[in-house]
Amino acid sequence: LAPNGSAAYERHTAELTSCIIAFLSPILPTEEEYRIKEATRRQLERLAARVSPGAKLLAFGSMANGFALRNSGKKDGEPTTKHTASELVEILGQLIREETDFNVMPLPKARIPIIKISRSPTAELPYEISCDIGFENRLALENTRLLLSYAMVDPPRLRTLVLFLKVWTKRRKLNSPYTGTLSSYGYTLLVLFFLTHVKRPAVLPNLQRIPPTRPLSPEEVELNGHNIYFYDDVATLRKEWSSKNKENVGELLIDFFKYFSKEFSYSKDVISLRTEGGLMSKDTKAWTAELCIEDPFQMGYNVSRTVTKDGLYTIRGEFMRASRILVNRSGRVSAAIAELCE
Ligand code: CTP
């Protein structure tokens with residue numbers, strides 16, 4: 001092992017960075033895939049408008065936050081309020097089933113009622129589509145906008161790290177909130193916390209703590225009792241924020257894995273992006289879950305509430321395995337990445 005900061009370590013992490021970029025490039029969505037998804041969004045919006053005239057369907061999650069891999073996406077309907085979300089799930093689900101060739105699975109009883117739809121690739125439409133349709137979920141649109149703003153502050157590093165972690169967590173089966181592990185959204189918050197609050201100098205500013213430079217309307221500050229303010233003038237930020245941290249993606253990734261293998265105190269701390277230091281104690285919040293990640297806007301919501309004791313044990317074991325593989329310089333770096341994601 002070469003020590004951090006040595007020339008050999010620099011060379012190793014630089015090579016790791018190029019290999020990660022090369023590894024990701026064939027699995028990023030193409031322009032054509034975005035076009036097809038946009039056409040699908042319009043098709044579904046027309047169907048939604050038959051249920052609620054004037055309904056709008058807006059993309060959220062990876063298709064709109066800058067962190068998309070092939071075949072991912074979410075949509076949010078914004079209907080008029082005649083029906084409850086559960087009713088809309090039933091009604092629109094039925095309509096989509098009748099009028100399109102999507103597989104449709106309505107989940108009217110979920111915490112946030114959604115319709116899951118999917119379609120296998122065909123000769124004419126060579127992309128799998130798999131997405132969730134939710135209703136009046138403005139907070140999801142706002143947290144999508146927050147993630148997108150972060151993605152735009154330091155696209156090369158943040159985006160590469162998040163995309164790589166998404167692939168890795170999916171390949172290693174660590175991205176399954178239904179079976180005790182964490183959502184992509186949760187992993188993205190871990191990366192944001194690491195780059196904003198752990199790394200010194202920080203790679204990213206805390207957008208929720210930069211004061212506004214213009215008067216804000218009440219709707220920009222509050223939504224359903226939650227403070228949704230964050231500094232979103234990305235053009236200005238890109239001019240004015242230049243991180244003193246010059247570490248490359250390879251170095252950041254190794255340190256991310258090390259930090260979450262050994263340093264983060266899972267038993268005591270809650271990750272809280274919006275705060276000055278990024279951490280709160282579980283005691284203060286009276287939270288007892290295995291892993292605690294406070295949602296950036298919904299302070300009472302633990303994004304990682306799905307992570308079980310076994311799930312966390314697996315995830316931490318995988319963080320350790322990952323740091324071991326990435327610092328080992330005995331073989332080819334591209335082979336190490338393949339092994340890591342096998
Ligand atoms: N979301 C949320 N709370 C969660 C999980 C997700 O509010 N516990 C919302 C967020 O708006 C997030 C979106 O749902 O941006 C999509 O989450 P997720 O599926 O985890 O992320 P994607 O980037 O869409 O990832 P994937 O491609 O794995 O579906």
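The values are calculated or read from the model by the stated rules, or taken from the named source; none is laboratory data. Quick caveat: nothing in here was measured; it's all calculated off a predicted structure. Don't worry about glycine lacking a Cβ; one is built from the backbone with ideal geometry, like all the others, and counts go over all protein chains shown.
Any residue that is assigned to a helix (DSSP H, G or I), at pLDDT below 95 and crowded, with 17+ Cβ neighbours inside 10 Å - is there at least one of those in segment 206-224? Looking through segment 206-224, none of the residues is assigned to a helix (DSSP H, G or I), at pLDDT below 95 and crowded, with 17+ Cβ neighbours inside 10 Å. Pairs are defined by a Cβ separation below 9 Å, a sequence spacing of at least 6 or placement on different chains, a first member in segment 243-263 that is under 13 Å from V327 (Cβ atoms), and a second member that is of a type in the set (S, T, Y) and surrounded by fewer than 17 Cβ atoms within 10 Å (Cβ to Cβ); the pairs so defined are G250/S18.
Only residues that are out of contact with any helix residue (DSSP H, G or I) (no Cβ under 9 Å at 6 or more places or on another chain) and of a type outside the set (D, E): list them for segment 306-316, please. Those that are out of contact with any helix residue (DSSP H, G or I) (no Cβ under 9 Å at 6 or more places or on another chain) and of a type outside the set (D, E): K309, L312, Y313, T314. Taking the numbered list (1) more than 22 Å from L252 (Cα to Cα); (2) surrounded by 16 or more Cβ atoms within 10 Å (Cβ to Cβ); (3) within 16 Å of the ligand (Cβ to nearest atom) in turn, Y34 passes all entries but (2).
When you scan segment 87-103, do you find a residue that is among the charged types (D, E, K, R) and either within 11 Å of the ligand (Cβ to nearest atom) or touching an Asp or Glu at 6+ places or on another chain (Cβ under 9 Å) (or both), even just one? Quick ask: steps written out before the conclusion?
First, pick out the residues of segment 87-103 that are among the charged types (D, E, K, R): 87, 90, 97-99, 101.
Filter once more, keeping what is either within 11 Å of the ligand (Cβ to nearest atom) or touching an Asp or Glu at 6+ places or on another chain (Cβ under 9 Å) (or both): none.
Checked segment 87-103: no residue is among the charged types (D, E, K, R) and either within 11 Å of the ligand (Cβ to nearest atom) or touching an Asp or Glu at 6+ places or on another chain (Cβ under 9 Å) (or both).
Among the residues making up segment 151-188, those that are out of contact with any helix residue (DSSP H, G or I) (no Cβ under 6 Å at 6 or more places or on another chain) and among the aromatic types (F, W, Y) are W168, Y178, Y185.
Which of the residues belonging to segment 178-188 are near the ligand (Cβ under 9 Å from one of its atoms) and in a helix (DSSP H, G or I)?
Here is the first cut: in segment 178-188, the ones near the ligand (Cβ under 9 Å from one of its atoms) are 182-188.
Listed by number, the residues that qualify are S184, Y185, G186, Y187, T188.
Does T13 qualify as being in a helix (DSSP H, G or I), buried (at least 20 other Cβ atoms within 10 Å of the Cβ) and assigned by TED's automatic domain parsing to the domain that holds A151? Spelling it out, T13 is indeed in a helix (DSSP H, G or I), buried (at least 20 other Cβ atoms within 10 Å of the Cβ) and assigned by TED's automatic domain parsing to the domain that holds A151.
So which residues in segment 309-329 are among the polar types (S, T, N, Q) and within 19 Å of L190 (Cα to Cα), if there are any at all? Show your work before the answer.
Taking segment 309-329 first, the residues among the polar types (S, T, N, Q) are 314, 323, 328.
T314, S323, listed by residue number.
Taking the residues in segment 268-286 that are assigned to a loop (DSSP other than H, G, I, E, B) and surrounded by fewer than 17 Cβ atoms within 10 Å (Cβ to Cβ) as candidates, determine which candidate is nearest to the chain's Cα centre (by Cα).
Quick first cut of segment 268-286, residues assigned to a loop (DSSP other than H, G, I, E, B) only: 268, 272-278, 286.
This time we only want the ones that are surrounded by fewer than 17 Cβ atoms within 10 Å (Cβ to Cβ), so: 268, 275-277, 286.
On the way: K268: 24, T275: 19, E276: 21, G277: 21, A286: 26 Å.
Across segment 268-286, the extreme among qualifying residues is T275.
One residue stands out among those in segment 291-342 that are away from the ligand (no atom under 16 Å from the Cβ) and assigned to a loop (DSSP other than H, G, I, E, B): the one that is surrounded by the most Cβ atoms within 10 Å (Cβ to Cβ), which is R329.
Filtered by the rule that a residue be under 30 Å from A49 (Cα atoms), of a type in the set (S, T, Y) and near the ligand (Cβ under 10 Å from one of its atoms), segment 127-177 gives S130, T144.
Among the residues of segment 110-126, those identified as of a type in the set (A, V, I, L, M, F, W, C), touching a strand residue (DSSP E or B) at 6+ places or on another chain (Cβ under 8 Å) and within 12 Å of the ligand (Cβ to nearest atom) are I112, I114. Among the conditions (1) under 27 Å from R209 (Cα atoms); (2) among the β-branched types (V, I, T); (3) within 13 Å of the ligand (Cβ to nearest atom), T284 misses just one, which is (3).
Does I20 qualify as being in a helix (DSSP H, G or I), under 30 Å from S334 (Cβ atoms) and more than 16 Å from the ligand (Cβ to nearest atom)? In short, yes. Out of segment 39-68, which residues are more than 16 Å from the ligand (Cβ to nearest atom) and at positive phi? Correct list: G54 only.
Scan segment 189-240 residue by residue and report those that are of a type in the set (D, E) and within 16 Å of the ligand (Cβ to nearest atom). Please lay out each step first, then the result.
Taking segment 189-240 and keeping what is of a type in the set (D, E), we get 219-220, 222, 232-233, 240.
Listed by number, the list holds a single entry, D232.
Count of segment 154-205 residues, restricted to those that are more than 21 Å from E339 (Cβ to Cβ), at pLDDT 95 or above and charged (D, E, K, R), is 4.
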